[in-house]
1. Which of the residues spanning region 22-45 are surrounded by fewer than 18 Cβ atoms within 10 Å (Cβ to Cβ) and touching a Ser or Thr at 6+ places or on another chain (Cβ under 6 Å)?
2. When region 1-54 is examined, which residues are found to be under 16 Å from Pro66 (Cα atoms), of a type outside the set (A, V, I, L, M, F, W, C) and over 28 Å from the mean Cα position of the chain (by Cα)?
3. Has region 226-239 got any residue that is polar (S, T, N, Q), farther than 28 Å from Val98 by Cα, in contact (Cβ under 8 Å) with a residue 12 or more places away in the chain and not assigned by TED's automatic domain parsing to the domain that holds His127?
4. Select from region 71-98 the residues that are touching a Ser or Thr at 6+ places or on another chain (Cβ under 6 Å) and among the aliphatic types (A, V, I, L, M) and write down the one among them that is surrounded by the most Cβ atoms within 10 Å (Cβ to Cβ).
5. Got a number for residues in region 201-221 being closer than 19 Å to Ala235 by Cα and of a type in the set (S, T, N, Q)?
6. Quick check on region 154-176. Is at least one of its residues crowded, with 18+ Cβ neighbours inside 10 Å, under 16 Å from the mean Cα position of the chain (by Cα), of a type in the set (D, E, K, R) and closer than 24 Å to Arg95 by Cβ?
7. Out of curiosity, is Thr205 more than 20 Å from the chain's Cα centre (by Cα), among the polar types (S, T, N, Q) and at pLDDT 95 or above?
8. When Leu189 is evaluated against the numbered criteria (1) touching a Phe, Trp or Tyr at 6+ places or on another chain (Cβ under 8 Å); (2) within 30 Å of Gly80 (Cβ to Cβ), which criterion, by number, is the only one it fails?
Amino acid sequence: MSMIAATARIHPLALVEDGATIGENVVIGPFCHVGPKVTLGDNVELLTHVVVTGRTTIGNGSKIFPMAVIGGDPQSVHHGGEETTLVIGENCTMREGVTINTGTADAGGTTIVGDNNLFLANSHIAHDCRIGNNVIMSNNVMLAGHVTIGDRVILGGGSAVHQFTRIGRQAFIGGLSAVSYDVIPYGMLNGNPGILGGLNVVGMTRAGIDRPVIHTVRRAFKQIFEGTGSARANAMAIREEYADCKEVIEILDFIAAESDRALSSPNRGPKG
């Protein structure tokens, strides 16, 4: 049995299947289809021709534009039809043609999207991804399965991210870039293959990071990627030197963490 708040406005040409949960002040436009295991939080708006299916939860205040398909089955040869999950946070905007898939059973079964995200037209989030908060994905961005995106990351139009890749907080990915390897927090990557060109100084400045701190992070960046050893060895060697700079420590922790992918570097190919 559906649970539909009295204040919800559902167009007579929309289909809300029995079992769906619809919050206060939700607006569902014409020709939308809401599946039986969907939960729409308060003030969610589906404009028209939107499909929300699967075991999907969409947080308060989110808005979905025409032709988006949210909660579809994972596009994976390993998916055997198991019931899996998609959880989307609050105040997310999904523009025309956006697709976001549920997880796969062998990877925990859940795709997770945080709050205050903007996904522009025809961008795609595959199964088992983990998306942080305040992320912007421009038109036609493609995330393969199991990708992790940190808070405040910006991905330029047409960029593509390889499966299992991590992109650290507040990194910037240029348009049409191919992201095959992990990108450090505050990193700026461009090209195909993607090359780590330095730091996202504009984003750091907009986030209120002081200029002396940015210079400190730049110095650490050079030591990590221009040193004689591997990036991981270099990062380990400078940890004590930068113990008082949380931004550098964030980068060093990211590099030290286990990952299925190598690190993007200022040279072609990874620097391990």
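The values are calculated or read from the model by the stated rules, or taken from the named source; none is laboratory data. Keep in mind that this is a model prediction, so the values were computed, not measured. Using ideal geometry, Cβ is built from the backbone for each residue, glycine included, and neighbour counts are taken over all protein chains shown.
1. Glu24, Asn25, Pro30, Phe31 - these are the residues of region 22-45 that are surrounded by fewer than 18 Cβ atoms within 10 Å (Cβ to Cβ) and touching a Ser or Thr at 6+ places or on another chain (Cβ under 6 Å).
2. Answer for region 1-54, where residues must be under 16 Å from Pro66 (Cα atoms), of a type outside the set (A, V, I, L, M, F, W, C) and over 28 Å from the mean Cα position of the chain (by Cα): His11, Pro30.
3. Kept after step one, since they are polar (S, T, N, Q), are these residues of region 226-239: 228, 230, 234.
Going one step further and asking which of them are farther than 28 Å from Val98 by Cα, we end up with 228, 230, 234.
Adding the requirement that they be in contact (Cβ under 8 Å) with a residue 12 or more places away in the chain leaves 230.
Add one more test, that the residue is not assigned by TED's automatic domain parsing to the domain that holds His127, and what stays is 230.
Scanning region 226-239 turns up at least one residue that is polar (S, T, N, Q), farther than 28 Å from Val98 by Cα, in contact (Cβ under 8 Å) with a residue 12 or more places away in the chain and not assigned by TED's automatic domain parsing to the domain that holds His127.
4. Going through the qualifying residues, I end up with Leu86.
5. Within region 201-221, residues that are closer than 19 Å to Ala235 by Cα and of a type in the set (S, T, N, Q) number 1.
6. Yes, region 154-176 contains at least one residue that is crowded, with 18+ Cβ neighbours inside 10 Å, under 16 Å from the mean Cα position of the chain (by Cα), of a type in the set (D, E, K, R) and closer than 24 Å to Arg95 by Cβ.
7. Considered against the rule, which asks whether it is more than 20 Å from the chain's Cα centre (by Cα), among the polar types (S, T, N, Q) and at pLDDT 95 or above, Thr205 comes out as yes.
8. (2)
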